[in-house]
Amino acid sequence: MKKYTFILILILINSVLSAQEEAKISLHSSGKIYLVVGVLITIFIGIVAFLIYLERKLNSLEEQINNDE
Amino acid sequence: MSSLSPIWELIKLELKLEWRMKYALAGAILYVFTTIFVLYTTLQNEQTIPWNALFWMVALFITVNAVTKSFASSGSSDNLYLYQLSSAHQVIIAKIIYNLFLVFALLLLSYAAFSLFIVNPIQHNNLFLLTIFLGSIGFSLVLTFVSAISNKTKNNAVFMAILGFPLIIPIILSLVKLTEKALESSSKEYLNDIAILAAIDFILFGVILILFPFLWKD
Amino acid sequence: MKKHWWKALAVLIVIYAIIAGLLIPLKPGILQIKQSGINSGQVITTEVNTYNTSYKVGDKVDAYLKINDKVKLYSTSSQILDKAKLKLSFDVPALLPQVKSFDYTLVMVDAKHGPFLRPSAVTLKQERVDIEKALSSWPKQNEVALKFVDGTKFPFRAVLYESIRNTFYHVPMWFAMVFILLAAMIYSIKYLRKPKSSYDIAARSLTAIGVLLGVLGCLTGSVWAKGTWGTWWTFQEIKLNVSAIALLIYFAYFILRSAIQDDEQKARVASVYNIFAFVAMVPLLFVVPRMVASSLHPGNGGNPGFGGEDLDNTLRMVFYPAIIGWTLFSFWLAQLLYRYELLREKVEEEFD
């Protein structure tokens, strides 16, 4: 389950990044809007990284509780 | 070949021990990173003469080594008795004053050595001496306090650098700025910079007075 | 549900900052200019590429070069090629009341878009300088009134262009970091006054989120710098150095924690260090950058600060809420971490 979620997240990030690449090509000459997209994606990835970190910690806590019971 | 295999096993053991104490590894990495970064920042900010930044970097490394042992040697039982009689404030103030003189003497010595062996481009000698004095106050405040903290860990020397270098950067950058003015022949407005440096020293001193008793408890 | 209202507020404000920050258009501006000649005493045509304009063939567009504070040189004709491209011609007199070679500001004005300009846009050279004669023989021209157009729009800045919107996403990371670390310091003080382990856990969780925000501030700044200054990171820029050092101070906080065995002593020493770190960080972030002569960031090196020219009212309308929104949002993240750590401590106490 964990593995699939991870792969799913990877695919998501990848698709977003490739969308950014496309945006770069069409908008580069005009307005540098891709920079805003890049910054927002960076923040989003940061929040996702926090969620993954918290989830892993929660997993180990759950394991601990289940084992001790 | 057989005589070599125990060495290999020992190396593997060392690696295992190192890996078990991950914080020591992270500390070493941060140590390298912090030192290089601090050096680079100070040297890069300086556009005119590298003498200035070089002097303060040398000063930093000398003083860190001098102050590190501040809390390390508890000494004999007589000394312990003296510590028990005095309050935490008295202890920290005494240590700061002692370190202030130590650092000031070391800085004067390195100034003399610099002018003897390299060059002395300082135009405003009095201003530079004042800068050195204000710098000694800042160095002695931060480093004495950091040595009190790092004494609580097992890795005293590494923590002096990890905790001390980044904390001392604002002081060093102000010192470099002030030294720049002492290097110029036309005396520019420098009272503002002196005021900022003095204010930083003053605030740090106040905070240390408040915080030190919590470190001195045990 | 009652005590969660601020999270809803955080989400609403961040959504507002994203939607308003992305949808409000930029004012028109001048992207590029191609000039046919530079010598005075002849007709010079310039092909101007504009940004965010919607010219139609037949629109009347006025333009002038700002020669000096008093004198303007109006274009003699304008020809619209495209919704964002037009040709202007200037009948430049032989004598200009200026120095030999100068880059003049081009101002464009029309009823649809209002006035907009580009400094140092058109270069003109003259053979000799005679300001007196140039002024007396200056051709008579019809003054065109500058009519401003209403509407909420973000300012157009060269180099930045649309990326001015990053003001709402990059800068609040730093503001939120300072607020979060301030809260961490307050909990550290609380711990020293009353050694409850929950205070220490709160301080630790807040510091962790503060570090996350600092890292995000660095990374988003890096992305922005790559597109505008052309480099991921530069040591010439004081604010970058200073923020990296602030991060090092707080990385050291976690290493310090891991290096002390005894739990009670760990919490106490960490609290002491946290307070001292914040006090040392304030001059580092707010005083030192102002002492340094030049900076690419706004508001340093003797500039009037983040206000005035750099931040106009339409930007403020989104910028201030964005700071509040991201800060509240970060507190939410910190609270999640805090609750987890609290739970783990309880579990460990129960099972040990």
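Using every Cα-Cα pair within the stretch C:161-351, state what percent have a distance larger than 25 Å. Don't skip to the answer; put the middle values down first.
Working: 7333 of 18145 pairs.
Here the tail beyond 25 Å accounts for 40 percent of pairs.
Using 0.36 nm per residue, how much length does the chain from B:Ile203 to B:Arg20 gain when fully extended, once their Cα-Cα distance is taken away? Display every interim value, and only then the final one.
Values: separation 183, 0.36 × 183 = 65.88 nm, distance 3.96 nm.
Difference between extended and current length: 61.9 nm.
How large is the Rg to Rh ratio of chain B when both quantities use alpha carbon positions and Rh follows Kirkwood? Walk me through the numbers before you get to the answer.
Details: Rg = 20.5 Å, Rh = 19.3 Å.
Rg/Rh for chain B comes to 1.06.
Looking only at other chains, what is the average number of their beta-carbon atoms within 10 angstrom of each beta-carbon in A:53-65?
Details: counts 3, 4, 0, 0, 4, 4, 0, 1, 5, 1, 0, 4, 5.
Averaged over the peptide's residues, the number is 2.
Report the semi-axes of the equivalent ellipsoid for the stretch C:1-133 in whole Å, largest first, where each axis is √(5λ) for an eigenvalue λ of the Cα gyration tensor. Before the final figure, lay out the partial values.
Numbers: eigenvalues 374, 64, 24 Å².
Working through the eigenvalues yields semi-axes of 43, 18, 11 Å.
Per DSSP helix of 4 or more residues, -39500 (n - 2.57); summed, then divided by the residues of chain C. What does that give at 222 nm, rounded to the nearest 500?
Details: 8 runs with 169 residues, N = 352.
Calculated mean residue ellipticity at 222 nm is -16500 deg cm²/dmol.
So for the stretch A:28-69, what percent of the C-alpha to C-alpha distances run longer than 12 Å? Intermediate results must be reported in sequence, preceding the final value.
Details: 598 of 861 pairs.
Considering the stretch A:28-69, 69 percent of its Cα-Cα pairs are separated by more than 12 Å.
If you take the Cα atoms of the stretch C:78-165, find Rg, then find the Kirkwood Rh from the mean of 1/r over all pairs, what is Rg/Rh? Provide the component values of the computation, followed by the final result.
Numbers: Rg = 16.4 Å, Rh = 15.9 Å.
My calculation puts Rg/Rh at 1.03.
Where Rh is the Kirkwood radius over the Cα pairs of chain C, the temperature 25 °C and the viscosity 0.890 mPa s, what D in µm²/s does Stokes-Einstein return?
Numbers: Rh = 24.3 Å.
Value of D from the Cα-based Kirkwood radius: 101 µm²/s.
Only residues of the stretch B:121-144 count here: report those whose backbone N is under 19 Å from the spot 7 Å along Cα→Cβ of B:Ser115, or say none.
Taking a point 7 Å out along Cα→Cβ of B:Ser115, the residues of the stretch B:121-144 whose backbone N falls under 19 Å are B:121-136.
Restricting to Cα pairs below 8 Å that are 6+ residues apart, what does the relative contact order work out to for chain C? Please round to a whole percent.
RCO, chain C: 18 percent.
Holding the Cα-Cα limit at 30 Å, pick out from C:Lys34/C:Lys226; A:Lys57/B:Lys154; C:Lys72/C:Lys153; A:Lys32/C:Lys72; C:Lys60/C:Lys226; C:Lys190/C:Lys346 the pairs that are longer than that. Walk me through the numbers before you get to the answer.
Numbers: C:Lys34/C:Lys226 26 Å; A:Lys57/B:Lys154 28 Å; C:Lys72/C:Lys153 27 Å; A:Lys32/C:Lys72 33 Å; C:Lys60/C:Lys226 39 Å; C:Lys190/C:Lys346 21 Å.
Correct reply: A:Lys32/C:Lys72; C:Lys60/C:Lys226.
Count, for each residue of B:153-163, the Cβ atoms from other chains sitting within 10 Å of its Cβ, then give me the mean as a whole number.
Numbers: counts 8, 3, 2, 0, 0, 2, 4, 0, 1, 8, 9.
Taking all residues of B:153-163 together, the mean is 3.
Under Stokes-Einstein, with the Kirkwood radius over Cα pairs standing in for Rh, what whole-number D in µm²/s applies to the stretch C:19-63 at 10 °C and 1.306 mPa s? Intermediate values should be presented prior to the final figure.
Details: Rh = 13.3 Å.
Estimated diffusion coefficient is 119 µm²/s.
Compute the length gained on full extension between C:Ser77 and C:Leu23: take 0.36 nm times their separation in residues and subtract their Cα-Cα distance, giving the result in nm to one decimal. All intermediate terms of the calculation are to be shown ahead of the outcome.
Working: separation 54, 0.36 × 54 = 19.44 nm, distance 3.47 nm.
Answer, rounded to one decimal: 16.0 nm.
Restricting to Cα atoms and excluding each atom paired with itself, what does the Kirkwood estimate give for the stretch C:143-248 in Å? Before the final figure, lay out the partial values.
Values: mean 1/r = 0.0605 Å⁻¹.
Kirkwood hydrodynamic radius for the stretch C:143-248: 16.5 Å.
So what does log10 I(q)/I(0) come out to for the stretch C:38-83 at q = 0.19, 0.23, 0.29 Å⁻¹, using the Debye formula with one equal point on every Cα and no solvent?
Per q value, in the given order, log10 I(q)/I(0) is -0.75, -0.97, -1.21.
With equal scatterers on the alpha carbons only and no solvent term, can you work out the Debye log10 of I(q)/I(0) for the protein assembly as shown at 0.09 1/Å?
With one equal scatterer per Cα and no solvent, log10 I(q)/I(0) is -0.92.
With r defined as the distance between the Cβ atoms of C:Glu349 and B:Ile97 and R0 fixed at 30 Å, what FRET efficiency is calculated, to the nearest 0.05?
Details: r = 45 Å, r/R0 = 1.50.
The value I calculate is 0.10.
Using only alpha carbon pairs under 8 Å that are at least six residues apart, calculate the relative contact order of the stretch B:50-159 and give it in whole percent.
Computed over the stretch B:50-159, the figure is 43 percent.
Test of understanding: extend the Cα→C-beta vector of C:Asn68 to 7 Å, then name every residue of the stretch C:122-137 with backbone N under 15 Å from that spot.
It comes to C:126, C:128-137, nothing else.
Between A:Asn66 and B:Leu10, what's the calculated FRET efficiency when r is the beta-carbon distance and R0 is 41 Å? Round to 0.05.
Numbers: r = 40 Å, r/R0 = 0.97.
After rounding to 0.05, the efficiency reads 0.55.
Just so you know, all these numbers are worked out from the coordinates, no wet-lab data involved. Bear in mind the structure is a predicted one, so any value in this text is a computation, not a measurement. Ideal geometry is used to build each Cβ from the backbone, glycine not excepted, and the neighbour counts take in all protein chains shown.
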